[in-house]
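Asker: I'd like to ask you about the structure that follows.
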Amino acid sequence: MVLTIRRRWDPLYGLMVEADGALDADTCPVLQATLLTALTETAVCCDLGGASVFGAAAADTLAVVHLHAAYLRQPFSIREISDLAASVLRITGLDAILTIV
């Protein structure tokens, strides 16, 4: 599977990290490393509008990044989630914990 990650500055949310493609066990470590590194510098919003696959690995990645952001006291949010991603987050209970904008 293929994942493309782009970074751009957003005046409202800080660093916008856009993930396009499959968020699976093979690609999520790259997204996680990107998000964790970015959080050491600034607020981060992860745009998941282009995610074609979203499962347990993606949910785990977002949980880990959320905890790390809380530890660093940096804002972390996600946006543009698909219906599938919303279902996975609801089933795992992460929808009640993550900041979804």
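Asker: For region 55-80 and region 10-53, what is the separation of their Cα centres, given in Å?
Answerer: Centre-to-centre distance over Cα atoms comes out at 9 Å.
Asker: Still on this structure, I have one more. Between Ala58, Ala22, Ala70, which gets the highest mean-square fluctuation from a Gaussian network model of the chain, Cα cutoff 10 Å?
Answerer: Sorting by GNM fluctuation, first place goes to Ala70.
Asker: While we're looking at this one, here's another question. Run lengths n ≥ 4 of DSSP H only: what is the helix-derived mean residue ellipticity at 222 nm for the chain, with -39500 (n - 2.57) per run over all residues, to the nearest 500?
Answerer: Helices in the chain give a 222 nm mean residue ellipticity of -12000 deg cm²/dmol.
Asker: Looking only at region 39-57, which residues have a backbone nitrogen under 13 Å from a spot 7 Å from the Cα of Gln74 in the C-beta direction?
Answerer: 39-46
Asker: What whole-number value in cubic angstrom gives the convex hull volume per residue for the C-alpha atoms of the chain?
Answerer: Cα convex hull per residue, to the nearest whole number: 80 Å³.
No lab work stands behind these numbers, since they all come straight from the coordinates. Just so it is clear, the model here is predicted, and its values are computed rather than measured. Ideal geometry is used to build each Cβ from the backbone, glycine not excepted, and the neighbour counts take in all protein chains shown.
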